Structures are given as C-alpha cells and as structure tokens.
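The values are calculated or read from the model by the stated rules, or taken from the named source; none is laboratory data. Fair warning: this is a prediction, and the values are worked out from it, not measured in the lab. For neighbour counting, all protein chains shown are included, and Cβ atoms are generated from backbone atoms with ideal geometry for every residue, glycine included.
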Amino acid sequence: MKCIFVCEFITCGGMRNRELPCSLLADAERMYQALLSDLRQIDDLDIVTCRDDRLSGVLESVASITQGDDAWKYWRRCMETADLAWLIAPETDGVLLRLNKMARQSACELIACDDDTVELTTSKYATNKYLLEQGIPALMSLRLDDEWLSDDRASVVKPDNGAGSEQCYFFQNSAEMLSWKNSREAGSQYIQQPYLPGISASLSVLYARQYTRLLACNRQMVGLRQGMLVNEGIIVNGLQEYFAPLEALAVEIGKKLLGLRGYVGIDLVLGESEITVIEINPRLTTAYAGLSEALNTNVAELVINTLQRENQGSFYDNNTIHAGV
C-alpha cells in the first residue's frame, strides 16, 4: 500500500497563526474535500493530512495544527514518510514553490509541475510575456510602476502573484486607475492589463511529459462589486462546444511549457474572434471540486495513473486524448 500526503495550505494549518481569509477559504475547502473524496476511492492508497484546528476534522487527519504550531515542520515530517505528495497552495509570496521544493527534498514523489514552471507561472507578468514570445495569444501585462496603457480603454489592476480574484480592481478608464494608484502605495507587485470583453473561461488540463489531455472547458461567472472583479461561481464543463479550439490551445501551451505536470488550470477569455490566455495556475483550481462528477471519472486516480505511465516512459510525442475516451 502506498501513502499519499495531501496538504492544502489554508485549511491544513498554513494560516493557523493568522485570521483565515474568508475570500479564499471556501474555495480552498472545496478543492481539499473534493481531492480527499477522490483519493478515498483508490485501492491500496493510505491518505495522511493535517488540519487547522479551527475547522472541522476529516477522517484522515494525522495532526491538528493549533495556535503557535509550526505547520511547515508537520508537513515536512509527513513528506518524509509518504510515497506521494499532492500539494495545493496559492502562488502568493512563493508559497506553492516553497512547498514543492520541500517535498522534492524528501523521499516522496511530488504530483506537481516542475519548480521552474511554478516559478514562472507564479508571476502573471512573466507568464504572459513568455507566452507572447512563444506565439501563444496571451493578455498583454504591464508593470504598474513602469508603463501605462496609452489609450483610454477599461483596465484591470491585480497582484502579479495573487490567487483567485483577490484585489482584482476594475477601472473604466486610465483616469480612474491613476486616481486609485495615487491614493495608495501600489508598487511593482501589481500589474495592469486591458479589460477584455467576452466569455470568461477556464481549462482543466492534465499534463505529463509530451502528453496533454484537456479534461474540461469551464465557464467562469465573473461579476463587478464595488469596483472589483469577483468570481461568482463556475459551471464545470459548461463550454463543451468550444472543446476543439481550446484543446488545440492546451496542446500548444504544453509544447511551450514542458514543465507542466499533473492537473493545471488555465484562465482565458473567449472573444468574438480570438481566444486569449489570462493566466496559468500550476495546481488544482476551484473547477476540480465538480470535475469528477461532471466527467463521471475519478480525476485524482486519472492523474496519478497518467504520471505513473509517464515515469514508465509510455509517452513518446505530444498526444491529445479527448476527455471521456
């Protein structure tokens, strides 16, 4: 029997000595519980995890993280005894990258993208710059302190390494944005992007070396509240009619970012005449919570089995396998 360590940063004690962030907690909990549910159905797999003691427990809890505890020490101990590690964390402040590097220093196999790819995709600015250089249609991003959009289009300002829709500000024109910037200290950690009208979407993609499988095309429900763009929900696989062009895009991204591995989320906008990548999330995304049910497939088992085939050298070129086949 193999042992897998499951760690979701927010719910597994990473913020025990701080107030839990309401804006991210619900999504974090949904991803965490969905992953545990899928993993429980896999034979010969023992699950260990940790849990913030302010939250209700789960059957697999190996440690309850309390006030004053160093969650990172617990996590390291779990990684050193597990065969596999599946980690979920925000890219903010390099948390996901730090967790991945800790796991790689232990004896367990990590279900995650390569560290270089995680480091690149942590920065929305760097990611989009790289994708554009590689001929992938990505949203132009500018450093807030260095450059400005020259026209008067609506724009969005967000943290360069933020997670979810946290601090995602919407401005009708450059005057509004400049007024906001001058009223606060918003340095180079923020980026500016033109606002793109269209259908907000995300892709759930399974990557391995030289292998891409588009699992689902999801519709994101984005709203505007008090000058900020917020995620109001997601329809998992709600954009199935766009599968063919989105599949082709996912494959092209995989060819340019060879370090993508396991489950990856890609945010984009479907315009009238083009598809534009907004960002790449090298980890589980909120769409995972409804994915296994939508596909009638245990996605966690699919990911693990695919990466085992990768380790056995079963993939020789960048194939695409349709979801459900």
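Worth pointing out:
- Test: residue in the stretch 84-107 that is in the same structural domain as Asp27 (by TED's automatic domain parsing), of a type in the set (Asp, Glu) and under 23 Å from the mean Cα position of the chain (by Cα): yes
- Residues within the stretch 273-298 that are assigned to a helix (DSSP H, G or I) and on the phi > 0 side of the Ramachandran plot, tallied: 0
Quick grid of which residues meet (1) on the phi > 0 side of the Ramachandran plot; (2) at pLDDT below 80; (3) surrounded by fewer than 18 Cβ atoms within 10 Å (Cβ to Cβ):
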site: Leu132; (1), (2), (3): no, no, yes
site: Gly135; (1), (2), (3): yes, no, yes
site: Leu144; (1), (2), (3): no, yes, no
site: Asp151; (1), (2), (3): no, yes, yes
site: Gly164; (1), (2), (3): yes, yes, no
site: Phe171; (1), (2), (3): no, no, no
site: Ser179; (1), (2), (3): no, no, yes
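- The set of residues in the stretch 49-66 that are closer than 21 Å to Ser292 by Cβ and assigned to a strand (DSSP E or B) contains only Thr49.
- Residue match in the stretch 67-88 (condition: among the β-branched types (Val, Ile, Thr) and assigned to a helix (DSSP H, G or I)): yes
- Test: residue in the stretch 118-126 that is buried (at least 16 other Cβ atoms within 10 Å of the Cβ), among the hydroxyl-bearing types (Ser, Thr, Tyr) and over 28 Å from Leu302 (Cβ atoms): yes
- Any hit, the stretch 33-40, residues being surrounded by 15 or more Cβ atoms within 10 Å (Cβ to Cβ) and among the charged types (D, E, K, R): yes
- If the condition is being more than 17 Å from Arg77 (Cβ to Cβ) and hydroxyl-bearing (Ser, Thr, Tyr), then the stretch 1-59 contributes Thr11, Ser23, Tyr32, Ser37, Ser56.
- Considering (1) at pLDDT 95 or above; (2) closer than 22 Å to Gln134 by Cβ; (3) not polar (S, T, N, Q), the lone condition that Leu295 does not fulfil carries the number (2).
- Flag if Thr49 is surrounded by fewer than 17 Cβ atoms within 10 Å (Cβ to Cβ), within 25 Å of Arg104 (Cβ to Cβ) and either over 19 Å from the mean Cα position of the chain (by Cα) or of a type in the set (Lys, Arg) (or both): no
- All of (1) touching a strand residue (DSSP E or B) at 6+ places or on another chain (Cβ under 8 Å); (2) of a type in the set (A, V, I, L, M); (3) modelled with pLDDT of 95 or more; (4) surrounded by fewer than 24 Cβ atoms within 10 Å (Cβ to Cβ) hold for Leu20 with one exception: (3).
- Close pairs from the stretch 90-104: first assigned to a loop (DSSP other than H, G, I, E, B), partner among the polar types (S, T, N, Q), Cβ under 9 Å, at least 6 apart: Pro90/Asn161; Glu91/Thr121; Glu91/Thr122; Glu91/Ser123; Glu91/Asn161; Glu91/Asn281
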